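> Here it is: the structure, laid out below.
The values are calculated or read from the model by the stated rules, or taken from the named source; none is laboratory data. Computed from a predicted model, the values in this text were never measured in an experiment. Neighbour counts are summed over all protein chains in view; Cβ atoms, including those assigned to glycine, are modelled from backbone coordinates with ideal geometry.
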Amino acid sequence: MDLQVPLDILLPSEFYQMTSLVSFDVARNRYLSGTIPTQLQLMTQLTSLRLNSNALTGPIYSVLGLLTKLTRLELYANDLTGTLPTELGLWTSMENLALGPSLLTGPIPSQVGHLSNLTQLYLQESSLSGNLPSELGLLTAFTRLWIQHNHMDGPLPTTLAPSLEYLWLQHNQFTGPMAIGWWPSLYQLLLGNNIISGTIPSELALLSNLRRLELTNLTHIEGTIPPELTSLTLLGHLEVSGSPGITGTIPSAFCNFEQNASCTYETKTFTTHCVLEYECSNWLCGCSCPC
């Protein structure tokens, strides 16, 4: 029995006359289906629209760009298709934009650079492709970019704002060197499962606030773990497993960090696991422990 109810049928026409409404939330109703009603464009005072975690289908209609007072839009965990509309550039008040997971395809429009108040952008687990638009570097309040598990390619971004705290780019097709921007506030950097090449840059040591670093399954990365990274004393999770080109020894200081509760190094040359409290044994060989 199909108990799904289309959203445009659930909402009577009188609902769209509530033009002073500022928040609309019908998230997490798994029986709510259909497309996003275009009549929502009439509710121009909306600042928060949450339709996530439903069974909605169809595109993100361009008319939603008329909701210029939106500061929060959550459409993730639906079956939305099509591309990101260029009209998203009209959301100049937007602070939190969460569209993934989804079935969206195509590039990220350059108009995203118009969202001058944007702090968080979630586009993960979709089918987006192309380069990250350089216009993301215009977002001076930007703190979080989640775009993992897509088909993005081109070079890694380096011009994102210094306010950046979370950069999740894993499981894409990014290429070129492991370039790093000036991100003194960065907490988490996840780059695994891409096609980036070259060596691990010692400039990572400049990310003094870094807590989590994942460089897994980078089959085109070569060389050693730079000893300069031992200055990252706040690092609580480091993983380079599945990157066979990484060679040499593990800087012993990693295993002495008080915050370092989880380290995994599994490469062609060595396999070592470090935890906060440990006793020397063969499986810790090379991590402050003799072989």
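> Can you pull out every residue in the stretch 29-42 that is under 18 Å from S53 (Cα atoms) and either at pLDDT 95 or above or surrounded by 12 or more Cβ atoms within 10 Å (Cβ to Cβ) (or both)?
If the condition is that a residue be under 18 Å from S53 (Cα atoms) and either at pLDDT 95 or above or surrounded by 12 or more Cβ atoms within 10 Å (Cβ to Cβ) (or both), then N29, L32, S33, G34, T35, I36, P37 are the ones that fit.
> Output the number of residues of the stretch 86-111 satisfying the condition of being within 15 Å of E125 (Cα to Cα) and either surrounded by fewer than 17 Cβ atoms within 10 Å (Cβ to Cβ) or among the aromatic types (F, W, Y) (or both).
Number satisfying all stated conditions: 4.
> Then there's this: Please tell me if P244 is in a loop (DSSP other than H, G, I, E, B), at pLDDT 95 or above and either farther than 17 Å from L169 by Cα or basic (K, R) (or both).
Considered against the rule, which asks whether it is in a loop (DSSP other than H, G, I, E, B), at pLDDT 95 or above and either farther than 17 Å from L169 by Cα or basic (K, R) (or both), P244 comes out as no.
> The conditions are (1) surrounded by fewer than 19 Cβ atoms within 10 Å (Cβ to Cβ); (2) modelled with pLDDT of 70 or more, and T264 fails exactly one of them. Which is it?
Tallying (1) surrounded by fewer than 19 Cβ atoms within 10 Å (Cβ to Cβ); (2) modelled with pLDDT of 70 or more, T264 fails exactly one: (2).
> Specify the residue that is nearest to A55 (Cα to Cα); the eligible residues are those in the stretch 72-85 that are out of contact with any strand residue (DSSP E or B) (no Cβ under 6 Å at 6 or more places or on another chain) and surrounded by fewer than 18 Cβ atoms within 10 Å (Cβ to Cβ).
Looking at residues that are out of contact with any strand residue (DSSP E or B) (no Cβ under 6 Å at 6 or more places or on another chain) and surrounded by fewer than 18 Cβ atoms within 10 Å (Cβ to Cβ), I get T81.
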